[in-house]
Amino acid sequence: SEDARPIVLVGKGLTFDSGGISIKPSEGMDEMKYDMCGAAAVYGVMRMVAELQLPINVIGVLAGCENMPGGRAYRPGDVLTTMSGQTVEVLNTDAEGRLVLCDVLTYVERFEPEAVIDVATLTGACVIALGHHITGLMANHNPLAHELIAASEQSGDRAWRLPLGDEYQEQLESNFADMANIGGR
C-alpha cells in the first residue's frame, strides 16, 4: 500500500567512466557511456510506476556523475570520508561505482525502507565470472534474493546469486583508512 514503508530503488549513473586517473585501455572505452544503465533502469521503473499509477510506495534515487582524469580528479592514495563517516583509501580510481553507491545507500536510510535494491554496472569481474548472458545478484536478505531470482527466470533476464561472505572483508583492509576501495585477488 501507499502507506507501507517504501521500497527504494538506487541506480548507478556514471554518464561516462574513463577510469579516471587509473584510465581504462582504449579498447571498449566507447562503451563506457553505458555505465549509466543502472540509473536508466531505475528511471524506467519509476516512469512505469507513475504511468500505471501503481498504488505502491517506491522511491527512486539516481546516483549520477562521471569519472574522468583532470586537475580536480581523485587520485590513487587519496583517503575519502563517506557520508556514513567511514574512510576509504582509493587504490584504483576505476573502482568508482562502489564509492558513488556507498553514499547513496547511506542517504536512503532516511526513508526507513522495507527494502533497498541497487542496480549497477559494477565490475568487469562479474562479466568474467558470468559472461554477458546472466546478471550477478548480491543480497543480504534471502527471501528478497529468491524473489529476484524467480522474477529473473520468469522475465528471461536471468540472474545468478553471488556470495557475500564475511571472509571477503579482510581483502578490503587498509593501513590508512577503514577500508580500501578494492580487494585483492
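Residues of segment 27-69 that are over 16 Å from Leu9 (Cβ atoms) and β-branched (Val, Ile, Thr): none at all. Considering (1) exposed (fewer than 14 other Cβ atoms within 10 Å of the Cβ); (2) in a helix (DSSP H, G or I); (3) of a type outside the set (A, V, I, L, M, F, W, C), the lone condition that His133 does not fulfil carries the number (2).
Select from segment 140-174 the residues that are surrounded by 13 or more Cβ atoms within 10 Å (Cβ to Cβ) and either touching a residue at least 40 places away in the same chain (Cβ under 8 Å) or more than 21 Å from Ala95 (Cβ to Cβ) (or both) and list them in ascending order. Leu144, Ala145, Glu147, Leu148, Ile149, Ser152, Arg158, Ala159, Trp160, Arg161, Ser174, listed by residue number. Among the residues of this structure, Leu54 counts as one that is farther than 30 Å from Glu173 by Cβ, in a loop (DSSP other than H, G, I, E, B) and either of a type outside the set (Phe, Trp, Tyr) or over 20 Å from the mean Cα position of the chain (by Cα) (or both). The residues listed here are Thr15, Thr106; of these, the one that is exposed (fewer than 15 other Cβ atoms within 10 Å of the Cβ), assigned to a strand (DSSP E or B) and within 16 Å of the chain's Cα centre (by Cα) is Thr15. Here segment 50-88 is the region considered, the condition is being buried (at least 17 other Cβ atoms within 10 Å of the Cβ) and β-branched (Val, Ile, Thr), and the residue that is nearest to Asp178 (Cα to Cα) is Val88. When segment 18-36 is limited to residues that are aliphatic (A, V, I, L, M) and part of a helix (DSSP H, G or I), the one that is surrounded by the most Cβ atoms within 10 Å (Cβ to Cβ) turns out to be Met36.
From Ala39, Ala63, grab the single residue that is in a strand (DSSP E or B), in contact with a strand residue (DSSP E or B) (Cβ under 6 Å, 6 or more places away or on another chain) and not acidic (Asp, Glu).
On the way: Ala39 fails: in a strand (DSSP E or B).
Answer to the selection: Ala63.
Of the candidates Met29, Met48, Met68, the single residue that is farther than 26 Å from Ala139 by Cα and either among the acidic types (Asp, Glu) or without any contact (Cβ under 8 Å) to a residue 12 or more places away in the chain (or both) is Met29.
Scanning segment 153-185 for residues that are part of a helix (DSSP H, G or I) and either under 18 Å from the mean Cα position of the chain (by Cα) or not small (Gly, Ala, Ser) (or both) yields Glu153, Gln154, Asp166, Glu167, Tyr168, Gln169, Glu170, Gln171, Leu172.
Every number here is computed from the coordinates shown, using simple stated rules; none is lab data. These numbers were taken from a predicted model, which means no experiment stands behind them. Neighbour counts are summed over all protein chains in view; Cβ atoms, including those assigned to glycine, are modelled from backbone coordinates with ideal geometry.
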